[in-house]
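I have placed the structure first, in the form of structure tokens, so that the comments after it can refer back to it.
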Amino acid sequence: MASVRSDENIELMTYSEVVDVSGYVGNFKVKIRKNPRYVDEDKCTGCGVCQEKCPFKADNEFDAGMGQRKAIYTPFPQAVPNVPVIDRDVCAYFLKGKCQACEKFCEANAIDFEQTEKFVEVDVGSIIITTGFDSFDPSVIAPYGYGRYDNVYSGLQFERMSNASGPTDGKLQLKDGSQPKSVAILHCVGSRDINYHEYCSRVCCMYSLKFSHIIGEKIPDAEIYQLYIDLRCFGKGYEEFYNRIQEEGVNFVRGRAAEVTDLAETADEEGKLIVLCEDTLIGRQRRIPVDMVVLSTGLEPRADAGETAKMFSLSRSADGFFLEKHPKLDPVATMTDGVFIAGCCQGPKDIPDTVAQASAAAARVLSMISKGKVEIEAAISVVDEEICSGCKTCLDLCPYGAITFDEEKSVAFINEALCKGCGTCVAACPSGAIIGKHFTTEQILAQIEGVLV
Amino acid sequence: MEPRIGVYVCHCGANIAATIDVEQVAEFARGLEGVALAKDYKFVCSDPGQDLIKNDIKEQKLNRIVIASCSPRLHELTFRRTLASADLNPYLMEMANIREQCAWVTEDHELATEKAKALVSAAVRKVAYDQPLETKEAPMNPNTLVVGAGIAGIQAALEIANSGNLVYLVEREPSIGGHMAQLDKTFPTLDCSA
Amino acid sequence: MKYYTYFPGCSSSDGGAKAYGMSTEAVARALDVELIELEDWNCCGSTPYTSVDELASFCSSARNLALAEDKGLDLVTPCSACYVILSKTNSYLKEYPELRAKVDEALAAGGLEYHRTIKVRHLLDVFANDIGFDEIASKVKRNLGGLKVAPYYGCQVVRPGPSFDDPESPQSLDRLIECLGAEATPFPLKARCCGGSLIISEEDLALGLIRKLLDSASSNEAECIATVCPLCQTNLDVYQGRVNKKFKTSFKLPVLFFTQLMGLALGIDGKTLGLEKCIVSADKVLAKYVEI
Amino acid sequence: MNFEPKIVGFFCNWCSYAGADLAGTSRKKYAPNVRIIRVMCSGRVNESLILKAFAAGADGVLVCGCHPGDCHYLKGNLSARRRVAGLKPLLEAVGIGNDRLRLEWISASEGPKVPETVKSFTSEIKQLGPSPLNGRHNGS
Amino acid sequence: MEATKAQVTGTLVGEISRIPGGERIRLCIQCGTCSASCPNANRMDHTPRKLIAMARAGMREEVLSSNSMWLCASCYLCTVRCPREIKITDIMHALECLSVRENVSSARTLTPTMYRSFSDFVYSIGSVPEPSFMILFYLLTNPLRAMRMIPMAFSLLTHGRMSIKARRLKPEAERQFKAILDKAEELGGI
């Protein structure tokens, strides 16, 4: 991450969003909104005093809602850029017009409450979309009790808890601060389930195994259960990792958990969370009492993937992820020339696959750059000036503004570079003056006759 | 110039030939107006398959090509290049999609063959009207936009920046790293993620 | 005034849950709901029947639907078991053309036709969604003053769905209880099974399930249980004594139909609501909060 | 006599044609009655193409494009919708019947929708019988 | 399309998949969510998941003669939780019907007998006055148990919850009802 900051060929715009895209492959115009941080990036030294002094707190989204952060904050200590941002919804200055503690203590004078959003426009030849995924919200699966029971955690929460810079400084603990002696890890939460997401999220099996390793490392005598349907350890070195976890003494139970409950039926279940499943290899119901339950939550498309798709003219597959041009032969290109996709925005994948796909996307872009030019669609539309009556019907129809009106000749004119060849104007022209190359009216009529033989 | 159309019906191994009587389709094509020759071939997209077309273009003076095979969304570009390398304008070619939209979706072999004939006849009729088109070129702006600075975005941005080209890396959150920044160790090597 | 075709079902009409029928009719009147009983209805089709001859069960069910179609009103039943079978028949006749053909043929033998135009509703759905909580609250004459009620939905009112409430943690009865001034206690097992008709053939098994329910309700300090199903009421009320005997427990939890609670709050007298038909008497508990 | 209708399909390249390809790669079987003509955008389809199809002997015409909002060309599909809607009363008036023309939105990922659409449209056209403009079937 | 005789007597899994609600049985991934959600699975010969596996393995007799489906209380919890949208409860009903038709129902549960007498009741009078039915059932199956039930029956009677006279349909309605059921029988099941 640090190398991004130091790379002089990368212009990093954080806290920013693309708001408009126009143009075509080789020549896109992109409008970007820079949201106000209320901290001057150039002045801020990243000393952190403002965060110490700020008296207001909110749930820390970076810690998946477990810890707290201040109203002025950097999401985590090694953040790049190491410049805080003020959360307007929590900051007392924005809510009530007072406090300004951060401003008073900032030696660099970097706090700027007057900042407003800024728009910048950049010209680019190609675009790579790497907008990632959202983590599945397990609270919608009522029987698992996430949000109802204190010690049921999502995968992401467990990640943060086990992270040395997380809300517990890397200590695995229950809500009451004590150490769990037994943990059940439930696979396929939100994945492979027609009620939520039908697809396999591909990473959960492996991160679940990783979790048991982490637990074993931190709490050697902990009893760990993996409740799985199938273990999908398909990557290089993955099956070996599974072997290693088996050797570490983890209990593997083949059966999907149906429910987590706190209703004890025996004395040793008292005060515990009981995971209900069928141990399918035995063919019996099992009740597994544990201190902590971790839900291996799947990956889902970003909530706003639909808007992103619209902005960049992408298609989405049935699962909501962005659709590649061809699943085998062209997994990084999209239906829109010059726009590529990589990483989990295209579908759930692990880090090795993500890096590989991102490199592939970069290679595609670089090959276009090194060629130095792009071919424009040849099958475009042209106006036959002899026939054009100058009715202007076509002008408003063109989605790309490629048609202009030549007042002098009183005919329409199509800009070849802007036309994409959709043919809407061809179909609309009342005098038949527009020719859609390669899809001319006589060609389509010939096809109609052909299919009806 | 009178059209001299060459029709190539692809077996695609058994993908097409198992359902559609390709020989019959080729025979049908021979009877269509403007068709100079029609052949069926195991894999038209293979090198020998493309060579066959190239040779025919030269030796048989073909000036239009119809390829009845898979979806144009798959191999239209491949075959346009074949034409170009035989000095024929790449737009003088049509494809009849007899795999995805015929062989693979039709149960009855006879009906599939009939449908394939109809699709070939449409392509043959259309190709007669094909005109040579010139692809235009536009300059390529060497700058790149990368949207999202998680693992994928960072990786792609670094690769491109390494080549000396400018990258705009846009991230919605206040800092970069995406979900990766939230992770500690990652499988299977258990090294840190940053 | 709202109008519905009414399907009381065997239990609520003159069976073991007669009080359900009585209180349903009384409450409907008080809420300006006109329940027009389906003339000459027959058994809903019932789960036991489904298990012996599915086609006959669907046909039995379909006869009721066909009769109800004449009026064009929603068909409402207070019985969850009837509800699940009638609505399942209704949707399966739409989904499965082969089944439809056979059922149509059987109906024709009785001179009937069914065009699949009516909707099957549970009484709880009608009260919660057509009448609405605000409307009901506005008609409360005797606030139930904090009576602690465990809202018991059972299985078949919210499953297999899609229905008017969540299949695992439904809320409509909770809210209904609260708009009467009573308190809906937490009840984790509120949509769990009471054993249904297995109480007859597999009594041990069903008693175990009933015990869990009573346990969960009383450990959450409920003073009574409200049900929306005659089978649930029978199992929990009539068999409570047998549970106590078998498990050496001492439950004394009155089990009321939700309509009985509504009736009380709407100012209807206990006799009209069939309160005395509870085996585990509710008089003492209710007397703490309202005059019966 | 078994009436096998002939149906002309105009499918846009980006969504519907891709969806039909997906139906193929998923090996979803459907009736061979619909023959697909690829256009870049459903917006390319106009009244004259549809009428010519009927004149040439089609018993039905199926126009498929991207879902509203998903058009590769932003809004070409809306033009298609307008034209189809406008043409239907005319078809009715000249005795062809408006049911013989159908517009469907099929996205690139909706492989299963292609066989469903073809199936339902084909059976509908079968019920309607041969197009009145169509001499082929009237001989027998 | 009418199911041919060959189809009806085909493999068990094939038969189930042709029954309304049974069509997705082949999609089962054997995850066990159904079994773990079932309130009665621990008393079943085979859990619901295993029953599906056995059906798919062609173990017709073992499946149809097991007590499993007869312990299903039709609570539909398995059905709403199944990640493959398999209507397990419907499959249970289908298995019950098949086992009745082939006369191989488990002897270790009274449910088949109970369901049968219930259905007979429905057929003969169109509805079921259930407390009376309950007592009648006990008398038929286990007179001793019926004796034990006397206090309960008495209590139901004194609380006005038992009718002496059953509700009956009007004669013409009853005729219509029976005509429909007779036709259903003639059609030979789903």
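Bear in mind these aren't lab numbers, they're just calculated from the coordinates by the rules spelled out. None of these values were measured; they are calculated from a predicted model. Don't worry about glycine lacking a Cβ; one is built from the backbone with ideal geometry, like all the others, and counts go over all protein chains shown.
In which sequence would E:46, E:93 go, from the one with the fewest C-beta neighbours within 10 Å to the one with the most?
Numbers: E:46 20, E:93 26.
Ascending Cβ contact count within 10 Å gives the list E:46, E:93.
Which residue fluctuates most in the GNM of chain B (Cα springs below 10 Å): B:98, B:65, B:160?
The residue with the greatest mean-square fluctuation here is B:160.
With only Lys, Arg, Asp and Glu charged, each at its Cβ (+1 for the first two, -1 for the last two), find how big the charge dipole of the stretch E:5-101 is about the Cα centre; round to the nearest 20 debye.
Values: 13 positive and 8 negative charges, 42 e Å.
Value, rounded to 20: 200 debye.
Give the distance, in whole Å, between the Cα centre of the stretch A:367-383 and the Cα centre of the stretch C:128-192.
So the separation of the two Cα centres works out to 65 Å.
What does the charge count near residue B:166 come to, summing +1 for each Lys or Arg and -1 for each Asp or Glu among other residues with Cβ under 12 Å from its Cβ? Could you put the intermediate results ahead of the total?
Values: positive: none; negative: A:7, A:8, A:11, A:123.
Once all neighbours under 12 Å are counted, the net charge is -4.
Is it possible to state the helix-based mean residue ellipticity at 222 nm for chain B, with each DSSP H run of 4+ residues giving -39500 (n - 2.57), the sum divided by total residues, to the nearest 500 deg cm²/dmol? What is it? Provide the component values of the computation, followed by the final result.
Numbers: 6 runs with 71 residues, N = 194.
That calculation yields -11500 deg cm²/dmol at 222 nm.
Quick one: putting +1 on the C-beta of Lys and Arg, -1 on the C-beta of Asp and Glu, what dipole do you get for the stretch C:2-123 around its Cα centre, in Debye to the nearest 20?
Details: 12 positive and 17 negative charges, 71 e Å.
Using only the charged Cβ atoms, the result is roughly 340 debye.
Springs between alpha-carbon atoms under 10 Å, Gaussian network over chain C: tell me which of C:45, C:15, C:111 tops the mean-square fluctuations.
Its mean-square fluctuation being the largest, the pick is C:111.
If one computes the Cα centroid of the stretch A:28-49 and of the stretch C:239-292, what distance in Å separates the two points?
Between the Cα centre of the stretch A:28-49 and that of the stretch C:239-292, the gap is 66 Å.
Relative to a virtual label point 7 Å from the Cα of residue C:105 in the Cα→beta-carbon direction, which members of the stretch C:36-55 show backbone nitrogen distances below 18 Å?
C:53-55
I want to make sure I understand the PRE zone here: with the label point 7 angstrom from the Cα of residue A:20 toward its beta carbon, which residues in the stretch A:108-133 have backbone N atoms less than 16 Å away?
Within reach of a label on residue A:20, which here means backbone N under 16 Å from a point 7 Å along Cα→Cβ, the stretch A:108-133 contributes A:118-124.
So how far apart, in nm, are the two label points at residue A:384 and residue C:169 if each is 7 Å from Cα heading toward Cβ?
Taking the simple label geometry, residue A:384 and residue C:169 are separated by 6.9 nm.
Going by the alpha-carbon gyration tensor, a ≥ b ≥ c the square roots of its eigenvalues, is chain D rounded (a/c under 1.5) or, if a/c is not under 1.5, prolate (a/b greater than b/c) versus oblate?
Details: a/c = 2.31, a/b = 1.30, b/c = 1.78.
Cα axes put chain D in the oblate bin.
So, R0 is 41 Å and r is the distance between the beta-carbons of residue B:61 and residue B:109; what FRET efficiency does that work out to, to 0.05? Provide the component values of the computation, followed by the final result.
Working: r = 35 Å, r/R0 = 0.86.
With a Förster radius of 41 Å, E is 0.70.
Can you compute the modelled spin-label distance between residue A:107 and residue D:116, with each label point 7 Å from Cα toward Cβ, in nm?
6.6 nm
Can you give the net charge of the other residues whose Cβ lies under 9 Å from the Cβ of residue C:93, counting K and R as +1 and D and E as -1?
On the way: positive: C:94, C:100, C:116; negative: C:95, C:104.
Net local charge, residue C:93 excluded: +1.
I need the shape label for the stretch A:153-297. Rule: rounded when a/c is under 1.5, else prolate if a/b > b/c, else oblate, with a, b, c from the alpha carbon gyration tensor. Spell out each step's value before the answer.
Working: a/c = 1.40, a/b = 1.04, b/c = 1.34.
Because its axes are fairly even, with a/c under 1.5, the stretch A:153-297 counts as rounded.
Projected onto the charge dipole of chain C (+1 at Lys/Arg Cβ, -1 at Asp/Glu Cβ, origin at the Cα centre), which of C:27, C:231, C:106 gives the Cα projection farthest towards the positive end?
C:231
Aspartates and glutamates near residue B:117 by alpha-carbon distance under 17 Å, same-chain residues fewer than 8 away left out - which ones?
Here the aspartates and glutamates satisfying the reach criterion relative to residue B:117 are A:449, B:21, B:23, B:27, B:33, B:40, B:94, B:100, B:107, B:108, D:4.
Could you list C:44, A:419 so that the one with the fewest beta carbons within 10 Å of its beta carbon is first and the one with the most is last?
Fewest-to-most ranking of C:44, A:419: A:419, C:44.
Can you compute the label reach from residue C:135? Point 7 Å from Cα along the Cβ direction, backbone N cut-off under 19 Å, restricted to the stretch C:18-58.
Counting only backbone N, you get C:24-37.
Restricting to Cα pairs below 8 Å that are 6+ residues apart, what does the relative contact order work out to for the stretch A:299-357? Please round to a whole percent.
Details: 75 pairs, mean separation 15.9, N = 59.
The normalised contact order for the stretch A:299-357 reaches 27 percent.
Output the relative contact order of chain B, whole-number percent, from Cα pairs under 8 angstrom with separation of 6+ residues. Numbers along the way, then the final one.
Details: 320 pairs, mean separation 36.7, N = 194.
Contact order relative to length: 19 percent.
Applying 1/(1 + (r/R0)^6) with R0 = 41 Å to the Cβ-Cβ distance of residue B:133 and residue B:18, what FRET efficiency is obtained, to the nearest 0.05?
Working: r = 36 Å, r/R0 = 0.88.
About 0.70, to the nearest 0.05.
Picking from B:103, B:161, B:138, which is most flexible by a Gaussian network model of chain B using Cα springs under 10 Å?
Maximum among the listed residues: B:161.
Compare the Cα positions of A:139, E:73, B:188 along the charge dipole of the protein assembly as shown (+1 at Cβ of Lys, Arg; -1 at Cβ of Asp, Glu; about the Cα centre) and return the one farthest towards the positive end.
So the residue we want is E:73.
In debye, nearest 20, what is the charge dipole magnitude of the stretch B:1-107 about its Cα centre with +1 on Lys and Arg Cβ and -1 on Asp and Glu Cβ, if you could check?
Details: 12 positive and 15 negative charges, 66 e Å.
Once rounded to the nearest 20, the dipole reads 320 debye.
Please label the shape of the protein assembly as shown as rounded, prolate or oblate, based on the square roots a ≥ b ≥ c of the eigenvalues of the alpha-carbon gyration tensor (a/c under 1.5 means rounded; beyond that, a/b larger than b/c means prolate, else oblate).
Here the protein assembly as shown falls in the oblate category.
Treat each spin label as a single point 7 Å out from the Cα along the C-beta direction, and report the residue E:59 to residue A:120 distance in nm.
Result: 6.8 nm between the two label points.
Give the order of E:70, B:104 when sorted by the count of other beta carbons within 10 angstrom, beginning with the fewest.
Numbers: E:70 27, B:104 22.
Ordered from fewest to most neighbouring Cβ atoms within 10 Å, E:70, B:104 come out as B:104, E:70.
Estimate the FRET efficiency between residue A:3 and residue A:176 by the formula 1/(1 + (r/R0)^6), using the beta-carbon distance for r and 41 Å for R0, to the nearest 0.05.
Details: r = 42 Å, r/R0 = 1.03.
FRET efficiency, residue A:3 to residue A:176: 0.45.
Strictly over 26 Å apart at the Cα level, which of A:392/A:437; A:57/A:104; C:94/D:6; A:349/A:420 would you flag in this model?
On the way: A:392/A:437 20 Å; A:57/A:104 18 Å; C:94/D:6 30 Å; A:349/A:420 33 Å.
Over 26 Å apart, Cα to Cα: C:94/D:6; A:349/A:420.
Straight-line reach from residue C:139: which lysines fall under 17 Å, measuring Cα to Cα and dropping same-chain residues less than 8 apart?
Residue C:139 reaches C:2.
Report, in whole Å, the centroid distance computed from the Cα atoms of the stretch C:106-126 and the stretch E:34-94.
The stretch C:106-126 and the stretch E:34-94 have Cα centres separated by 29 Å.
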